[in-house]
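Below is one structure, written out as structure tokens; the observations come after it.
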Amino acid sequence: MKRKIIVALVLILAGLMSLCLREPEEFTRNTMAMNTVIRMTIYGHDDSPLDDALRLLDEIDKSLSMYNPSSDISLININAGIKEVTPSPYALESVSDAMRLYGITKGVFNPLIGPVTRLWKINSAGGKIPSKESLDHAVKLSDIRNISVSNDKIFLREKGCIIDLGGIAKGYASGKISQLLKDKGVKSALIDLGGNVHAVGGKIDGSSWRIGIRNPLAPSGTPALVADVKDCAVITSGNYERYKTIDGKKYSHFFDPITGQSVNSDLLSVTVISENGSLADGLATAFMITGVNKALEILHDMSNPPGVIFITQERIIATSNLRSIITKSLIPVTFAEVK
């Protein structure tokens, strides 16, 4: 009997050693969520963490979407001016993250911008510019004092207030998925939520992930720079994808929280590199509104600022129409120009 137990233990040990010595495999899942194309790739011996990651993404999407009438955010919005709501932990945490970003950006990132975004309907074709009166009313509803977050409950004080987490949701989701994969033992993975990239560890050979930073003036997929990163989010916002044209003029999906007007700053795109996906997503959105100078002031006031790449059109350099300003980062990041 003892010999059988020893033999069984030896076989189990041999199996475990064989598993450890086996080369990690690449497993990938592609899907649609959060109104964008999703691609997740992990390296290991088992693809089940990807199934867990997709389930988590679905849960977060169903919780945070302002367009899904049964989501936690929609439930809060529907009950604006009526009663407080106890949402899912995802909604509560992401709204709290958005409130912190409101403070960091001095009100530029505003989770109550929903009434303004609803007026502009950037994702729909055609339309007209909202009137000043309608924008003034939407801006009043967007006053941050209209939201209360306490005791795991959220209350919107005025009927018509709308929480819109579009500027933070994908970054928040990528961070949660990244942590899930780590908890599942995944050492190397790349999460791409429609261009919002989150790297788990480095490549399987130990080298850094090389993330292309798109050239805003070139065809899709052409990089202006490449960032070499490990264990962090690389999130880009730009004025080249979501916009609408009215009477021949282009209007971006970035809005001034003071006036409600669509903003076209001096920036073509901004990329934020941070271990915190929510922070990276929110700052990238806010900086597209502020422009370079005010963005640098915000970064200067932060105790632990992330790495940021601003790309703006430079008309005085004949050999290149792109100028890049790269801020210092506490995360080990190196950049290489793509020739």
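Values for this structure:
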{"read-out": "Sequence ranges 296-303, 53-60, ranked by mean other-Cβ count within 10 angstrom, highest first", "value": "53-60, 296-303"}
{"read-out": "Paramagnetic reach from GLN179 (point 7 Å along Cα→Cβ, amide N under 13 Å) across the range 268-292", "value": "276-279"}
{"read-out": "Cβ crowding within 10 Å averaged over residues, with 200-209, 254-263, 171-180, 23-32 ranked highest first", "value": "171-180, 254-263, 200-209, 23-32"}
{"read-out": "Three-way shape label, the range 116-217, alpha-carbon gyration tensor, a/c 1.5", "value": "oblate"}
{"read-out": "Computed FRET value (nearest 0.05) for ASN79 with ASP52, which takes r as the C-beta separation and R₀ as 35 Å", "value": "0.65"}
{"read-out": "Residue-wise HN-Hα coupling along the range 112-121, computed from phi with Karplus coefficients 6.51, -1.76, 1.60 (Hz; x: Gly, Pro)", "value": "9, 6, x, x, 6, 5, 5, 5, 6, 6"}
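Quick note: the coordinates plus some simple rules give every number you see, no bench work behind them. As the structure is a prediction and not an experimental result, all values here were calculated from the model. We place every Cβ from the backbone using ideal geometry, glycine too, and count neighbours over all the protein chains shown.
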